[in-house]
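Working notes, beginning with the structure itself.
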Amino acid sequence: MRIILFILLTINLYADIKQDMFDLYQNEKYEKVCSIGFDNFKLHKKDEEFVSLYAFSCLYSDYIDRLAVPAAVLKHSKESRANSAYFSVILMQKKLLYHALIDNYDLSTFSLPTTEYILSKIFDMYSKIGKHLPRKFYLFEDPNDTKLSYKLYLTKDYKLNKIVIEEFYDTILIKRHVYW
């Protein structure tokens, strides 16, 4: 009897966690959902809806490195494989852009799929610069909206360099993304 009660409580708790995550996600509390997903990942790694919800929340809160594990486990449905590929592209672009900014690696020879995610846009624009001398920062204009512009630069925090992308509407900073 105790085993059945334990199983029912576990199922109810699981449903509550997933529903809580979904409610927070709908309210754009992505960082909170990412944290909850991270804390509960081991228990729910076979539930691809849970994993996708967790991964998209991490993406939207700029925790790009947390996409590696979800990209590896999402494989059992067509939608999951598409999500996995999407996360993998963004993670690769982040790693290559970091390599280019730190080590002056030329990205112009790469032809990768792209996404509408901000990091992908910046990766594409940076790649088009071609081989060049390193700069303190890079300014890009959005090809689809002349009022949108972006500033790309590195900042050093303790011993680690971080990529910073600032989004501007006209001259007003609307969002700052930091990746390490």
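The values are calculated or read from the model by the stated rules, or taken from the named source; none is laboratory data. Treat the numbers as computed from the prediction; the structure is a model and nothing was measured. Every residue, glycine among them, receives a Cβ derived from its backbone with ideal geometry; neighbour counts consider all protein chains shown. Note: areas computed on protein heavy atoms with side chains; ligands, DNA, RNA excluded. Shrake-Rupley method; radii C 1.70, N 1.55, O 1.52, S 1.80 Å.
Kirkwood-type hydrodynamic radius, the stretch 135-180: 11.2 Å, calculated from all non-identical alpha-carbon pairs. Each principal axis of the Cα cloud of the stretch 97-138 was taken in turn, and the coordinate range along them, longest first, works out to 27, 20, 15 Å. Taking the Cα centre of the stretch 1-150 as reference, the dipole from Cβ charges on Lys and Arg (+1) and Asp and Glu (-1) amounts to some 440 debye. Computing the accessible area with a 1.4 Å probe over protein heavy atoms, can you report the carbon and sulfur percentage for the chain? Result for the chain: 58 percent of the exposed heavy-atom area is carbon or sulfur. Surface listing: Leu59, Leu139 arranged by accessible area from highest to lowest gives Leu139, Leu59, probe 1.4 Å. Projection of the Cα convex hull of the chain, averaged over all directions and equal to a quarter of that hull's surface, yields 12.9 nm². What the Cβ-Cβ distance of Phe137 and Ser108 gives, at R0 = 22 Å and to the nearest 0.05, is a FRET efficiency of 0.70.
Of Val89, Val164, the order by accessible heavy-atom surface (1.4 Å probe, DNA, RNA and ligands excluded), from most exposed downward, is Val89, Val164.
In the stretch 58-157, the ratio of gyration radius to Kirkwood radius, Rg to Rh, stands at 0.99 when only Cα atoms are counted. Surface analysis of the chain yields an accessible area of 64 Å² per residue, using protein heavy atoms and a 1.4 Å probe.
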